[in-house]
Amino acid sequence: MTNSTTTGAEPPTGRCPWAEHSELLGAFHDHEWGEPMAEAGILFEYLVLHTFQLGFDFPVVLKRREGFRELLAGFDPERIARFTEDEVAELLLNPRIIRNRRKLEGTVQNARAWLRLRADVGGEAGLLPFFYQYVGGHPVDNRRGATNPVPLTTPPSEAMSRDLKRRGFVMTGPMTCYNILQTAGLVNDHLLSCPRHAECAALAGQA
């Protein structure tokens, strides 16, 4: 993840060091982070999660992921887009999620922007190509290591941020966009020494 560094001694497992900070992060790293996405729906979920990450360490969001899933209609943008002010106010009372009005309202706005984007790109089938365009149409292997640390932003994440904001998305700055690109496997930022690097690279080869 972009807010974690590759410096310091590598853990005995060879995994990316940030994955050793908690069991929750370890499971996320080992079974999800960096795998090239094959469905656009999961990308909207990542957009929601990384929006709520702003100002928090990601484990804070991951601990509430199932709460978000239940209370945000299974991350269904069509249903979230119809949330009313009263429904947002009700969500603000529920401790199972991060209770932040700006982020909840932003999530509703992003759901509506997502539906407009989907229409603009020709439907569901056009969403994956839209996001893959920022990495040249195929997952990028950044071959990270001590001499090639993970940046906070990149030109693709900056371009993605500009485009999403132009299309009405909010809270999608370059850092958030890079977190999404990493999580969704559009870039492979696992360390070369990490077993997941080769696994995700192999999956990218099948994409």
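The values are calculated or read from the model by the stated rules, or taken from the named source; none is laboratory data. Please read these numbers as outputs of a predicted model, since none were measured by experiment. Quick reminder, even Gly has a Cβ in these numbers, built from the backbone with ideal geometry, and neighbours come from all protein chains shown. SASA here: full protein model, heavy atoms, side chains in, ligands and nucleic acids out. Shrake-Rupley method; radii C 1.70, N 1.55, O 1.52, S 1.80 Å.
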- request: Could you please report the charge total around Glu124, scoring K, R as +1 and D, E as -1 over all other residues with beta-carbon less than 13 angstrom from its beta-carbon?
  value: -3
query: Debye sum, Cα scatterers, the chain, no solvent: what log₁₀ I/I(0) at q = 0.08, 0.16, 0.18 1/Å?
result: -0.27, -1.07, -1.32
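What percent does the relative contact order of region 42-159 come to when contacts are Cα pairs within less than 8 Å and at least six residues apart? Numbers along the way, then the final one.
On the way: 72 pairs, mean separation 22.1, N = 118.
After rounding, I find 19 percent.
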- line: On each of the three principal axes the extent of the alpha-carbon atoms of region 49-95, given in whole Å and largest first, is 29, 21, 17
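May I ask you to list the chymotrypsin sites (Phe, Trp or Tyr not before Pro) in region 41-147 that are in a DSSP loop and have at most 16 other Cβ atoms within 10 Å of their Cβ? The partial results should precede the final answer.
Numbers: sites: Phe44, Tyr46, Phe52, Phe56, Phe68, Phe75, Phe83, Trp114, Phe130, Phe131, Tyr132, Tyr134; in loops: Phe56, Phe83.
Hits after loop and neighbour filter: Phe56.
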field: 0 to 90° range, to nearest 10: angle between helix 101-120 axis and the chain longest Cα axis
entry: 90
message: Nearest 10 degrees is fine. How inclined is helix 195-206 to the longest principal axis of the chain, computing both from alpha carbons?
response: 70
message: What percent of all Cα-Cα pairs in region 102-207 falls into each 10 Å bin, going from 0 up to the bin containing the maximum distance?
response: 14, 41, 31, 13, 0
Two-decimal log10 I(q)/I(0) for region 35-136, as the Debye equation yields it once each C-alpha is a single scatterer, q = 0.10, 0.18, 0.25 Å⁻¹: -0.28, -0.87, -1.41
Protein-only accessible surface order, largest first, of Met37, Met175 at 1.4 Å: Met175, Met37
message: I'd like the orientation of helix 155-166 relative to the chain: the angle between its Cα long axis and the longest Cα principal axis, in ° from 0 to 90, rounded to 10.
response: 0
- prompt: Rounded to the nearest whole Å², what accessible area per residue is found for the chain with the 1.4 Å probe?
  reply: 47
Mean separation of Cα contacts under 8 Å (6+ apart) over length of the chain, as relative contact order %: 33
